[in-house]
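All of the numbers you see were taken from the coordinates with simple rules; none came from a lab. Keep in mind the model is a prediction, meaning the values are calculated, not measured. All Cβ positions, glycine included, derive from the backbone under ideal geometry; neighbour counts span all protein chains shown.
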Amino acid sequence: MNNSVGNTGRVLWAGARALLVLTVLCGVLYPLTVTAVAQLVFPGKANGSEITDASGKTVGSALIGQRYDLPLKDGQETAAPDLRWFQPRPSNGLGANNVNTQYTLILSGATNRSGDNEDLIKWVTDAKAAVVKDNTVPGHTINPADVPADAVTSSGSGLDPHISPAYAELQVHRVAANNDLTVAQVERLLADHTDGRILGFIGEPRVNVLQLNTALKNLLAAKG
């Protein structure tokens, strides 16, 4: 009986020591080490790839797209785009959060429509017409044939932060006209914020809309 109690006690004590050691190693030392290495080697990515404006205020993440819309008017269900800014891809995959009312959270998801789906065809047709209308300004008319695919289709997640250089270029005259800037100024801004292929051959050239609009905001602030 005493031997049984003693053996049980030793097993329990061994288990408790193993639990303590593993808790310290896996629950404290390992996370601290990984966090320290990440902060030293990849501080930007470790902190969520945050983008800050000229004042140092965090305006979002380079990994998640944002919309640039005007405030909703009475009786309006869908907000109109704010044409002072470069616009991202359509966001048909976005949803609204009605649980945590303190924040407007983005719910990721794809539209999952086939190429011959009537709803998808209507979305694309309407989106192309809107892109042509919004970006046609005095002295510069948009040709519908020049509207790229990413201007009228959402990404698989609906959260894509990038657009193609072609779609960004299509918006240059409109952004310049609505912000009292020259086309050359906006062209330079776009050129400075166009990323090439990764390692020169992976992926496609792209423009991060949030980074570009943040730079535009800083330019307008400096202009006064």
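Tabulated data for the structure shown
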{"quantity": "Environment charge at Asp180 (Cβ cut-off 15 Å; Lys +1, Arg +1, Asp -1, Glu -1)", "calculated": "+4"}
{"quantity": "Per-residue Cβ neighbour rank within 10 angstrom, fewest leading, Ile163, Ile142, Ile202, Ile121", "calculated": "Ile202, Ile121, Ile142, Ile163"}
{"quantity": "Derived scalar couplings ³J(HN,Hα) [the range 207-224; Karplus, 6.51 cos²θ - 1.76 cosθ + 1.60; whole Hz; x for Gly, Pro]", "calculated": "10, 7, 5, 5, 5, 5, 5, 5, 5, 5, 4, 5, 5, 5, 5, 5, 5, x"}
{"quantity": "Max mean-square fluctuation residue, GNM over the chain, Cα-Cα springs under 10 Å, options Gly139, Gly196, Gly60", "calculated": "Gly139"}
{"quantity": "Residues of type lysines that Lys57 reaches as a straight line, Cα spacing below 22 Å, ignoring anything fewer than 8 places off in the same chain", "calculated": "Lys45, Lys217, Lys223"}
{"quantity": "Reachable aspartates and glutamates from Lys73, criterion Cα separation under 17 angstrom, eight or more residues apart if same chain", "calculated": "Asp82"}
{"quantity": "Built amide H within the under 5 Å cut-off of Gly60, gap 5+", "calculated": "Ile51"}
{"quantity": "Surface/4 estimate of mean projected area, convex hull on alpha-carbon atoms of the range 1-47, nm²", "calculated": "3.3"}
{"quantity": "Rounded if a/c under 1.5, otherwise prolate or oblate - the range 50-223, Cα gyration tensor axes", "calculated": "rounded"}
{"quantity": "Proxy reagent accessibility, fewest Cβ within 10 Å first, across Tyr68, Tyr167, Tyr30", "calculated": "Tyr30, Tyr68, Tyr167"}
{"quantity": "Residue-averaged [θ]222 nm for the chain, counting only DSSP H segments that reach four residues, each worth -39500 (n - 2.57)", "calculated": "-14000 deg cm²/dmol"}
{"quantity": "For Asp82, residues with placed amide H under 5 Å, excluding near neighbours", "calculated": "Tyr68, Asp69, Leu70"}
{"quantity": "Computed lengthening from Ala46 to Val34, 0.36 nm per intervening residue step minus Cα-Cα distance", "calculated": "3.3 nm"}
{"quantity": "Estimated inter-spin distance, Leu199 and Ala221, nm [label 7 Å along Cα→Cβ]", "calculated": "3.7"}
{"quantity": "Whole-Hz ³J(HN,Hα) from phi, Karplus 6.51 cos²θ - 1.76 cosθ + 1.60, for the range 68-76, glycine and proline x", "calculated": "10, 10, 7, x, 5, 8, 4, x, 8"}
{"quantity": "FRET efficiency, Cys26 to Asn143 (Cβ-Cβ, R0 41 Å, nearest 0.05)", "calculated": "0.10"}
{"quantity": "Residue of Val24, Val209, Val131 that the Gaussian network model of the chain assigns the largest fluctuation, springs spanning Cα pairs under 10 Å", "calculated": "Val24"}
